[in-house]
Amino acid sequence: MSLSVQVAGRTDVGCVRTNNEDNFGYDTACGVYVVCDGMGGQAAGEVASKLAVETVLEYFRRHWSEGNFPQVGENFDDISPDANALASAVQAAGIRIFHAAQEHPERQGMGSTIVALFVRQGKASIAHIGDSRVYLLRDGQIRQLTADHSLVMEQVRRGLMTVEEAERSSMQNIITRALGPEESAEPDVLDVELSPGDTFLLATDGLTKLVKEHRLSELTNSAPSLEKACDALVAAARAAGGDDNITCLLVRIN
């Protein structure tokens, strides 16, 4: 299948925070798209998320021409070679953040969430760590493809809490897996068959905590362009309080 890809992204500090610890980046030539939400004092979260985005993009740019992606960290069964390449890039980012923190004691424990998308030859691969999310918008429907690595969502999966209770919980921000605090961080990885018109939304929790799924879909599908859709998504999160940094990246398959 011959594909073309449209992409647009936006990040916003929100209405409460004074600095933005989110970062995003992409390389359409390599087909790689990344969104990260950093954490840690002394602006360390900003450093961690920037390192994560840079490392994933550098991994693909460095090895793209040779077409051979070296394994870093865990190798996963039952997924494609492209998904394993994406997992390696994400794990390389975790190692880099961990060692950067060791070299700067004031940044000890810094970390980042990550969602990453790799699109090639009619297929998409997704890797993620933390509570940033990837949604697929297809045929007017929206579906969350990632499962949050957060304390409240772990409790939801175990039947100890409802989704509604999780959304109201004061523990929403506690994540159970992140890049950086430990040298080894294993992503969840999956492959997705593409259809023309598919749109992927990669977003930090500053958007997804405040804007419901149906509204994410409405705002994206009704906008005249992906750029306008990003503006509308950020505006909706700000209108709902904007208590965190807000980042969205939209990738449309044509």
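The values are calculated or read from the model by the stated rules, or taken from the named source; none is laboratory data. Computed from a predicted structure; not experimentally measured. Cβ coordinates were reconstructed from backbone atoms using ideal geometry, including for glycine residues, and neighbour counts include every protein chain displayed.
I'm trying to understand the selection: among the residues of the range 99-132, which are among the charged types (D, E, K, R) and crowded, with 24+ Cβ neighbours inside 10 Å? Before the answer, list the steps.
Looking only at the range 99-132, we keep the residues that are among the charged types (D, E, K, R), and these are 103, 106-107, 120, 123, 131.
Across the range 99-132, the qualifying residue is only Asp131.
Which count do you get for residues in the range 186-215 that are under 21 Å from Val16 (Cβ atoms) and either touching a Phe, Trp or Tyr at 6+ places or on another chain (Cβ under 6 Å) or surrounded by 15 or more Cβ atoms within 10 Å (Cβ to Cβ) (or both)?
Count: 10.
Taking the residues in the range 228-244 that are loosely packed, with under 15 Cβ neighbours inside 10 Å and not hydrophobic (A, V, I, L, M, F, W, C) as candidates, determine which candidate is farthest from Thr204 (Cα to Cα).
Lys228
Criterion first (in contact with a Lys or Arg (Cβ under 9 Å, 6 or more places away or on another chain) and modelled with pLDDT under 95) does Gln155 satisfy it?
no
If Pro224 meets every condition in (1) surrounded by 16 or more Cβ atoms within 10 Å (Cβ to Cβ); (2) not in a helix (DSSP H, G or I) apart from one, which number is that one?
(1)
Do the conditions hold for Ala48, that is, is it small (Gly, Ala, Ser), outside any strand (DSSP E or B) and in contact with a strand residue (DSSP E or B) (Cβ under 9 Å, 6 or more places away or on another chain)?
yes
Hey, can you tell me all the residues within the range 114-154 that are out of contact with any helix residue (DSSP H, G or I) (no Cβ under 6 Å at 6 or more places or on another chain) and among the acidic types (Asp, Glu)?
Of everything in the range 114-154, those that are out of contact with any helix residue (DSSP H, G or I) (no Cβ under 6 Å at 6 or more places or on another chain) and among the acidic types (Asp, Glu) turn out to be Asp139, Asp148, Glu154.
What number of residues within the range 73-95 are out of contact with any Gly (no Cβ under 9 Å at 6 or more places or on another chain) and either part of a loop (DSSP other than H, G, I, E, B) or more than 24 Å from Thr146 (Cα to Cα) (or both)?
Of the residues in the range 73-95, 7 are out of contact with any Gly (no Cβ under 9 Å at 6 or more places or on another chain) and either part of a loop (DSSP other than H, G, I, E, B) or more than 24 Å from Thr146 (Cα to Cα) (or both).
Using the structure shown, decide if Asp27 is farther than 17 Å from Asp131 by Cα and charged (D, E, K, R).
Numbers: farther than 17 Å from Asp131 by Cα: yes; charged (D, E, K, R): yes.
Criteria met by Asp27.
Sort out which residues of the range 1-35 are among the charged types (D, E, K, R) and modelled with pLDDT of 95 or more, and write them in order of number.
Arg10, Asp12, Glu21, Asp22, Asp27
Could you look through the range 96-144, keep only residues that are among the aromatic types (Phe, Trp, Tyr) and outside any helix (DSSP H, G or I), and pick out the one that is nearest to the chain's Cα centre (by Cα)?
Ranking the candidates gives Tyr135 first.
I'm trying to understand the selection: among the residues of the range 232-254, which are part of a helix (DSSP H, G or I) and closer than 16 Å to Ser217 by Cα?
Residues satisfying the conditions are Ala232, Leu233, Val234, Ala235, Ala236, Ala237.
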